[in-house]
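Inspection log for the structure reproduced underneath, given as structure tokens.
The values are calculated or read from the model by the stated rules, or taken from the named source; none is laboratory data. All values derive from a computational prediction rather than experimental measurement. Every residue, glycine as well, gets a Cβ built from its backbone with ideal geometry; the counts of neighbours run over all protein chains shown. All accessible areas refer to the heavy atoms of the entire protein, side chains included, with ligands and DNA or RNA removed. Shrake-Rupley method; radii C 1.70, N 1.55, O 1.52, S 1.80 Å.
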Amino acid sequence: MKKLLIANWKMNYGPIKAGSWIRAFRRERLPKDIDIAVAVPFVSLAAARASLGRASIPALAAQNTFWEDEGAYTGEVSPTMLSEFGAAYCLVGHSERRTHLGETDDMVAKKAAALQKAGIAPVICVGETAAQRKKGEAVKAVRAQVQSAIANLKGDGRAPCVVAYEPVWAIGSGRPCSPQDTKEMHELIRGVLTKKFGHLAEEIRIIYGGSVDVRNISEYMTTTGVDGALVGGASLDPRNFGLICRAAVPA
Ligand code: 13P
């Protein structure tokens, strides 16, 4: 399975800076045997697409979507609209959306299914809070999030989704989850996926996110069961993200 690295800009870079980031990143020497994507704000999708031209690396990802194709949903953006930009992936259920925008498991499930229908791979973000881990409830919390998020996904054809394990306490904290704890959680997630999708689950990439940087990326990429990474802060500088991409695959 090819590893997948996704840069998540979060709420950074409007169209002007998005264009420069893409152009600068395109100048980086990138490893071939890895998939690379960049999750940009809605308003920057067009600029990112234009700066990419016919190039397909990095692939484009959105950071959110609504679950209907069209209609009276002021302010929302649908999967079919995202398709027009050639988005290959879309994040759903990022912890920042769950925390600040009230995104629920039910909404995440609807979004994931709508994306699958539109041919965009949902990147389902899950992860426990510090309090849940402290109480020994991390496994229970993550299992419930994954089960709910994949409930409406179909298991036919291509891999139905990507799952990103992002413990809330590790995001932006400089305190990444240890490779051993990450491995254990990825095994749990793999089990939940296998129960639903059978053999197809083997093709689903489970990636890790939370304070990933150029110093620790190779450790995650060599951890069993980790199929890639979702990188926030350390992806904002295109050259730094280029370094991370190169460090991710052994030369
Ligand atoms: P950081 O890499 O900044 O910790 O963010 C992780 C994240 O939330 C990516 O989606």
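Condition test on Met107, is it away from the ligand (no atom under 16 Å from the Cβ) and either modelled with pLDDT under 95 or open to solvent by 60 Å² or more (accessible area, probe 1.4 Å) (or both)? No: the conditions fail for Met107.
Tell me yes or no: at least one residue of segment 227-244 is open to solvent by less than 10 Å² (accessible area, probe 1.4 Å), touching a helix residue (DSSP H, G or I) at 6+ places or on another chain (Cβ under 9 Å) and within 18 Å of Gln145 (Cα to Cα). No, segment 227-244 contains no residue that is open to solvent by less than 10 Å² (accessible area, probe 1.4 Å), touching a helix residue (DSSP H, G or I) at 6+ places or on another chain (Cβ under 9 Å) and within 18 Å of Gln145 (Cα to Cα). Remark: Ala164 matches the filter, which requires a residue to be within 14 Å of Leu4 (Cα to Cα) and not acidic (Asp, Glu). Of the residues contained in segment 67-82, one or more are found to be among the aromatic types (Phe, Trp, Tyr), touching a helix residue (DSSP H, G or I) at 6+ places or on another chain (Cβ under 9 Å) and either touching a residue at least 40 places away in the same chain (Cβ under 8 Å) or within 26 Å of Met185 (Cα to Cα) (or both). Check segment 75-84 and report whether any residue there is within 16 Å of the ligand (Cβ to nearest atom) and not acidic (Asp, Glu). No, every residue in segment 75-84 fails to be within 16 Å of the ligand (Cβ to nearest atom) and not acidic (Asp, Glu).
If the condition is being within 7 Å of the ligand (Cβ to nearest atom) and more than 14 Å from Cys177 (Cα to Cα), then segment 211-234 contributes Gly232, Gly233, Ala234. Within the span defined as segment 3-15, one or more residues are at pLDDT 95 or above, on the phi > 0 side of the Ramachandran plot and open to solvent by 40 Å² or more (accessible area, probe 1.4 Å).
Residues checked against (1) modelled with pLDDT under 95; (2) open to solvent by less than 40 Å² (accessible area, probe 1.4 Å); (3) within 15 Å of the ligand (Cβ to nearest atom):
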{"position": "Lys134", "(1), (2), (3)": "no, no, no"}
{"position": "Arg143", "(1), (2), (3)": "no, no, no"}
{"position": "Ser148", "(1), (2), (3)": "no, yes, no"}
{"position": "Arg158", "(1), (2), (3)": "yes, no, no"}
{"position": "Val168", "(1), (2), (3)": "no, no, yes"}
{"position": "Gly172", "(1), (2), (3)": "no, no, yes"}
{"position": "Gln180", "(1), (2), (3)": "no, no, no"}
